[in-house]
Amino acid sequence: MLLSELQTGERGVVVRVAGHGAFRKRIIEMGFIKGVTVEAILNAPLNDPIKYRIMNFEVSLRRSDAEKVEIVSEKEAELEIVSHDDYRGIDADEQSAAQHIAAERGKTINVALVGNPNCGKTSIFNIAAHAHERVGNYSGVTVDEKVGTFEHNGYTFNLIDLPGTYSLSAYSPEELYVRKHIIEKNPDIILNVVDGSNLERNLYLTTQLIDMDITMVMALNMFDELKRSGDKLDIEQLSTLLGMPIVPTTGRNGDGIDKLFDTIIDVYEERDVKTRHIHVNHGRELERSIKRLRTELYEHGFSDSLSTRFLAIKLLENDKQLEQYTTERDPDGSVFKMRDQIADEFFRSSHHSIDDTEHVQKEHGGDHRAHQDIESAITDAKYAFIRGALAECYEKNEKSTLHAHTDRIDAIVTHRWLGYPVFLIFMFITFFCTFAIGQYPMDWIDALFGWLGELVNSNMTEGPLRSLLADGIIAGVGSVIVFLPNILILYLFISFMEDSGYMARAAFIMDKLMHKMGLHGKSFIPMIMGFGCNVPAIMATRTIEDRKSRLLTMLVIPMMSCSARIPVYVILVSAFFSKYAALVLTGLYLLGMIMAVLMAKLFSRFVVKGDSLPFVMELPPYRMPTAKAVLRHTWEKGKEYLKKMGTIILAASIIVWALSYFPTNADKKMQAENSYMAKIGKTIEPVMAPCGFDWQQSVSLLSGVFAKEVVASTMTVVYATSSEEAEELEDFEAEENGSRISQLIQQNMSPLSAASMLLFILLYMPCLSTIVAIKNESGKWKWALFTMAYTIGLAWVVSTVFFQLVSLIL
Amino acid sequence: MIQTIIVAIILAAAAVFVVRGIMRTVKGKGGCGCGCDNCPMKGDKGRLCNDSFPQINVDD
Ligand SMILES: Nc1nc2c(ncn2[C@@H]2O[C@H](COP(=O)(O)OP(=O)(O)O)[C@@H](O)[C@H]2O)c(=O)[nH]1
Ligand SMILES: [Mg+2]
């Protein structure tokens, strides 16, 4: 519990003092040290400050300060001892019990991982916490926080993996999020992960963290690359200059991670000699400005939760969020007056020529320019500090060939024209392998299910249960499960492209195109994620700060062909176009992307108005993905797919079977034509007829609303129960022409209608979950319903036009 | 006859499952339907999934 909650007369033992810098020091100097017993002398609800007795003298603490001290009260300790077997051996004496529990709790260290995108935070997190989080070689992979708990040398660590950020300004949701976490959650230690092969840029964030005056440890990650590059770095020296311990690590194989956590324990226990508070020197002029504003802040009582130095610097940088924070505490605005005055003076003194100043003032009213000026001066000063520090301890190997291969590959892959065909070729290869290699295991699984079906048919007596098992469950689930190998292969490729860094290039070459179409460059990452599943993709749009772009992206993500559509594509393609499979699949995916972009253009004209922000895409160096990471990701996907088979697909198959089996009729043909399914199908058939679909196709599409794979299972079940030849299916087994499902489809569908159906599946309404995701993320049903309506409309128009035109030509 | 009874039981179970699934999904609890428990993207957790990330509704 918190010290502020300790009631009058109660006693407790200090576990830890949160907060930072001068503030924390003050509290500790008052005697609030780990393991010390405190007694509340007077703590009334409206009483501020609160009076405590500590080490036999009285101190008073503001309520807000007392909230920063974690304690174990003796009462709490007593309860805990009674309820916990672990504490049986301990003396029943209250005081020693509280001491004991406080000592135990004091051994829990909260550590937050902070660093640039792609510096290896998640890799370190995974190794330390034995977790299986996703790493990826492009920025924006971690957007939420994840907590891992583990033991190390008798201490319990709560490690938090935060999203990557380049700075702590208030420009992007990630930056705000990380900052908020540090300020509000008060982790004991900030673990600043730094990409050792890109020191200068990574240290910029470090300098901002130093401004916040928090306890830090640096992991100098990518140490393997640093060594290979031949650069020389004096780690001792850098560590002294920055006032924090630095531990070289390699997140890829775990080198240095143990040492890293040993160091964190030392820092936490205040045994580390390197830790000291430094100020990043911004130069005389700026430092004077910061000091003046800081004094003003002190006078207004801004000294509790946020370092005043940090606040002063951020206010000079016009940080919108912290301006709001300041306004709440200083309603008369004297801090802002001072700030503006300082900015103005700074501007004048740095533009000595009077002409220049007057000219600018006439144009912009001076103010805006003055603020921009001081903001960039602060950034420059930070970089100057970094360069100064690096000059003393770092020697770059100019002949380094470390990322030479990256430059060579990028010359082709991100080339202005070549980039696009290369992207297409990669897509083509992906689908070719997905289809061609997947064919073999697919046939085995298909044969297995064929055999199962026969087993049921030959061993059970005729009746509804036999039909349910054979024509419903085995045929339905079987028709989708056969695509497991295809899905695995596809994910293997996607994982590889993501982890190696190619995906970032794909986003880069698409950026220009996207921009022209009214989409944000950052939209491409959620869109690519849409190839896996649309739902996370829609959630990933949270990284797009601009509202209009975010909404636009959400609306068009359903055009990105998710993996659930693959089974349906493969069924139809292997039945009719197996010679051109990869080409057809690539074409479909491309069409989806083109449609997404076209729709975005259209919507940005007529539906969603506003303007979009520019965005800089970072291109990380290429890195060979570790086999472990790729395989694990692929396996996770496989597991999910199988699970879906056992749940949604199974239930859907059963229901679809029932609807096609009942009402029963002695005449097989009559039964199929009069079943509930046929009735539903025939009702919507007239609407779908222009697209070239019969009633079976129509109901299949309808059932796909729950999950797109269901289209495949429904189609199989409906054709299996309604087709006259269903009984003779086994006879086809011997023929060389494709699987049983392919044959079933071939007998019932024309190639043209199949092609039209492919288009329809690609474009028509996303599954229910996606619709709900759009509703949740946009905040309104309106947009979810709009997405449903426009996707169905678009699919219908495209399929109809295609079907009618081609029918005319043929 | 036995077959009919078993089929009826299976059908009822499937119907309950589907209806419950739809309700959960509409309430936003069902995940993405990719077969995982409550997290919309279990295998993709590393990327994004919880509400701790600021959810900024675009249209409020
Ligand atoms: N060579 C090398 N690669 C690393 C190291 N740590 C991480 N990586 C790779 O860097 C990329 C980004 O890692 P990730 O942990 O996702 O970074 P995050 O964005 O900071 O969470 C991945 O491709 C990792 O395999 C390291 O120490 N050395
Ligand atoms: Mg990460």
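Annotation: amide H-H contacts under 5 Å for A:N158 (H modelled 1.01 Å from N, sequence separation of 5 or more, or interchain): A:I109, A:N110, A:V111.
For region A:686-721 versus region A:546-563, the spacing of their alpha-carbon centroids is 26 Å. Taking the average, over residues, of other Cβ atoms within 10 Å as the packing measure, peptides A:287-298, A:480-491, A:398-409 rank A:480-491, A:287-298, A:398-409 from highest down. Round to the nearest 10 and give me the degree value, 0 to 90, for the angle of helix A:650-661's Cα axis relative to the longest principal axis of chain A. That works out to roughly 30 degrees.
Please figure out what share of the DSSP beta bridges in region A:107-268 is antiparallel and state it in percent, rounded to the nearest 5. Roughly 30 percent of the beta bridges in region A:107-268 run antiparallel, per DSSP. Straight-distance candidates among the lysines for linking to A:K180, with alpha-carbon spacing under 17 Å and chain neighbours fewer than 8 residues away dropped: A:K68, A:K146, A:K314, A:K320.
In percent, rounded to a whole number, the relative contact order of chain A is 9, using alpha-carbon pairs under 8 Å and six or more apart. Of the residues A:M503, A:N253, A:L805, the one whose Cα sits farthest towards the positive end of the charge dipole of the protein assembly as shown is A:L805 (charges of +1 on Lys and Arg Cβ, -1 on Asp and Glu Cβ, taken about the Cα centre). To the nearest ten degrees, helix A:547-556 and the longest principal axis of the Cα atoms of chain A are 20 degrees apart. Estimated from the Cβ-Cβ distance and a Förster radius of 22 angstrom, the FRET efficiency linking A:M624 and A:C433 is about 0.70.
DSSP finds beta bridges in the protein assembly as shown, and of those with both partners inside it, around 60 percent are antiparallel. Give the angle, between 0 and 90 degrees and rounded to the nearest 10, that separates the Cα long axis of helix A:627-644 from the longest principal axis of the Cα atoms of chain A. Approximately 50 degrees, to the nearest ten.
Counting only the Cα atoms, the protein assembly as shown fills a convex hull of 213 Å³ per residue.
Look at where the Cα atoms of region A:209-274 and of region A:287-350 average out, and the two centres are 32 Å apart. Just need the relative contact order of region A:418-486 here, percent rounded to a whole number, with Cα pairs under 8 Å and 6+ apart. Rounded, it is 45 percent for region A:418-486. Pairs over the 25 Å Cα-Cα cut-off, from the set A:K548/A:K643; A:K522/A:K579; A:K121/B:K27; A:K107/A:K259; A:K522/A:K639; A:K548/A:K708: A:K548/A:K643; A:K522/A:K579; A:K121/B:K27; A:K522/A:K639; A:K548/A:K708. Computed from point charges on the beta carbon alone (+1 for Lys and Arg, -1 for Asp and Glu), the dipole magnitude for region A:388-458 about its Cα centre is near 280 Debye. Gain on full extension, evaluated as 0.36 nm per residue between A:L79 and A:R387 minus their Cα-Cα distance, stands at 105.3 nm. Here the extension length gained between A:L455 and A:Y676 equals 76.8 nm, from 0.36 nm per residue of separation less the Cα-Cα distance. Considering the zone a paramagnetic label at A:D266 would reach in this model (a point 7 Å from Cα along the Cα-to-Cβ line), which residues of region A:224-238 have amide N under 18 Å from it? Taking a point 7 Å out along Cα→Cβ of A:D266, the residues of region A:224-238 whose backbone N falls under 18 Å are A:234-238.
Mean partner shielding of peptide A:531-539, defined as the number of other chain Cβ atoms within 10 Å of each residue Cβ, is 6. Taking 0.36 nm per residue of sequence separation and removing the Cα-Cα distance, the A:L752/A:N47 pair yields an extension gain of 245.7 nm.
Would you mind estimating how fast region A:3-104 diffuses translationally, via Stokes-Einstein at 25 °C and 0.890 mPa s with the Kirkwood radius over Cα pairs, in µm²/s? Answer from the Stokes-Einstein relation: 178 µm²/s.
Peptide A:780-787 has a mean of 1 when you count, residue by residue, the C-beta atoms of other protein chains within 10 Å of its C-beta.
Treating r as the C-beta distance of A:R408 and A:K227 and R0 as 22 Å, the FRET efficiency rounds to 0.50. Taking 11 Å as the cut-off, the amide N atoms of region A:412-455 that come nearer than this to a point 7 Å along the Cα-to-beta-carbon line of A:L513 belong to A:419-425.
Look at the dipole of region A:446-521 built from charges on Cβ: of A:L513, A:L468, A:V456, the Cα furthest out on the positive end belongs to A:L513. Using the Cβ-Cβ distance between A:E184 and A:R348 with R0 = 41 Å, the FRET efficiency computed as 1/(1 + (r/R0)^6) comes to roughly 0.60. Put a plus charge on the Cβ of each Lys and Arg, a minus charge on the Cβ of each Asp and Glu, and nothing anywhere else: the dipole of region A:107-268 about its Cα centre is then about 220 debye.
Each peptide in A:151-158, A:620-627 receives the mean, over its residues, of other Cβ atoms within 10 Å, and ordering these scores from highest gives A:620-627, A:151-158. Remark: chain A carries a charge dipole of roughly 1660 debye about the Cα centre, counting +1 on each Lys and Arg Cβ and -1 on each Asp and Glu Cβ.
A simple spin-label model places pseudo-atoms 7 Å from Cα toward Cβ; at A:N153 and A:S376 they are separated by 4.7 nm. Selection among A:V480, A:Y491, A:M442 by position relative to the dipole of region A:440-503 gives A:V480 as farthest towards the positive end (Cβ unit charges, Cα centre).
Every number here is computed from the coordinates shown, using simple stated rules; none is lab data. If you're wondering where the values come from, they're calculated on a predicted model, not measured in any experiment. Reconstructed Cβ throughout: ideal geometry from the backbone, glycine too, with neighbour counts over all protein chains shown.
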